[in-house]
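Okay, structure first, notes after.
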Ligand SMILES: CC(C)(COP(=O)(O)OP(=O)(O)OC[C@H]1O[C@@H](n2cnc3c(N)ncnc32)[C@H](O)[C@@H]1OP(=O)(O)O)[C@@H](O)C(=O)NCCC(=O)NCCS
């Protein structure tokens, strides 16, 4: 069996053909690993190739088994913070696994990253139904490669067809009695200029406030310019956003923020993304209030929406307790691995 790994540049013609193969490998792998998730979004995949996250550079390679492309490697190289780190996405077509393709891509990644002066690799693996006791291929592979399990996240799912609306009403009414002096604000898409600075600040706090386990990861610096560049990258991926925040009336500052995102090519599924309350404004139930308000806001614009997924670190008890009260239930795991190279 002959395995070769060949890099490609998405900007040239040959690279575009290679990118199509990479997309097919990702799409079929995702359907195998996460059958309850929407199909891989073409716009999201190709949008990301054209428009990496601000501050990141990307490298790609395909692995060929006897001349057939069966594996894809993406290396993300942060250029601003985290210059010793690289994020690694490594995928092998389910019909061609356990033949050494993953290992060949891994060894290629290690060689490339050493040449680039990076010291650490970070990668994620999805594990379906952790209670079933089956070890996911990604987890088995990462362990075999000697990586360290640095953070365990749990994916929780809210089924909107069985949503307990009276319970949400009760939670919201009770919450609002603790939140005098705050107003709810909502926006869809571009962040209003008046809140951009506060959103950049809240966004930058996420990595400080949410548990990141043993991951060696530096928080990004707050900056409105970067936030706007991020929005352009989200647009390129076809993501649309519903946001809800709490404004502190006395100062006019946005002190809590939550966001729900949907991809262009799927109307039934959304991700509940960031929820953050500025530390000096905690204890007013703002977290649960903005989440409920945003859920209702998104639903008025997205009548087909029926499933929302969210990830939390397994140890993030406070956020998990809010999510469980809203009706989210654990369905799968997501592990982050770190390897020193
Ligand atoms: C993880 C993945 C890339 C492995 O690809 P692969 O081509 O099957 O990997 P290899 O054949 O090179 O396996 C190398 C070693 O990893 C371990 N391994 C890989 N898959 C395994 C599995 N399903 N069960 C147990 N061990 C496994 C074995 O030790 C294997 O060596 P062996 O076959 O000699 O026993 C592939 O399953 C995949 O694409 N999964 C989904 C995406 C993902 O999780 N990526 C991992 C990011 S770290």
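The values are calculated or read from the model by the stated rules, or taken from the named source; none is laboratory data. Model, not experiment: these values are computed from the prediction. Cβ sites come from the backbone with ideal geometry, for glycine too, and all protein chains shown count toward neighbours.
All told, residue 105 meets the bar of being near the ligand (Cβ under 10 Å from one of its atoms) and not in a strand (DSSP E or B). Against the list (1) at pLDDT 95 or above; (2) within 16 Å of the ligand (Cβ to nearest atom), the condition residue 8 fails is (2). The set of residues from region 114-139 being within 23 Å of the chain's Cα centre (by Cα) and part of a helix (DSSP H, G or I) comprises 130, 131, 137, 138, 139.
With respect to (1) in contact (Cβ under 8 Å) with a residue 40 or more places away in the chain; (2) closer than 28 Å to residue 221 by Cα; (3) within 16 Å of the chain's Cα centre (by Cα), the lone exception for residue 76 is condition (1).
Residue check: residue 57 meets all listed conditions (1) touching a strand residue (DSSP E or B) at 6+ places or on another chain (Cβ under 8 Å); (2) more than 23 Å from residue 40 (Cα to Cα); (3) away from the ligand (no atom under 16 Å from the Cβ) but one, namely (2). Within region 84-107, residues that are closer than 12 Å to residue 3 by Cα have Cβ atoms under 6 Å from residues that are part of a strand (DSSP E or B) and near the ligand (Cβ under 7 Å from one of its atoms) in these pairs: 101/71; 101/92; 102/92; 105/71; 105/90, counting only partners at least 6 apart in sequence or on another chain.
Here residue 65 fulfils each of the conditions (1) under 17 Å from residue 4 (Cα atoms); (2) more than 16 Å from the ligand (Cβ to nearest atom) apart from (2). Criterion applied to 100, 71 was being within 9 Å of the ligand (Cβ to nearest atom) and on the phi > 0 side of the Ramachandran plot, and the one residue passing it is 100.
The rows are residues; the columns are (1) buried (at least 19 other Cβ atoms within 10 Å of the Cβ); (2) modelled with pLDDT of 95 or more.
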site: 1; (1), (2): no, no
site: 19; (1), (2): yes, yes
site: 27; (1), (2): no, yes
site: 35; (1), (2): no, no
site: 54; (1), (2): no, no
site: 58; (1), (2): no, yes
site: 62; (1), (2): yes, yes
site: 68; (1), (2): no, yes
site: 80; (1), (2): no, no
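Of the residues in region 215-231, at least one is at pLDDT below 95 and within 16 Å of the ligand (Cβ to nearest atom).
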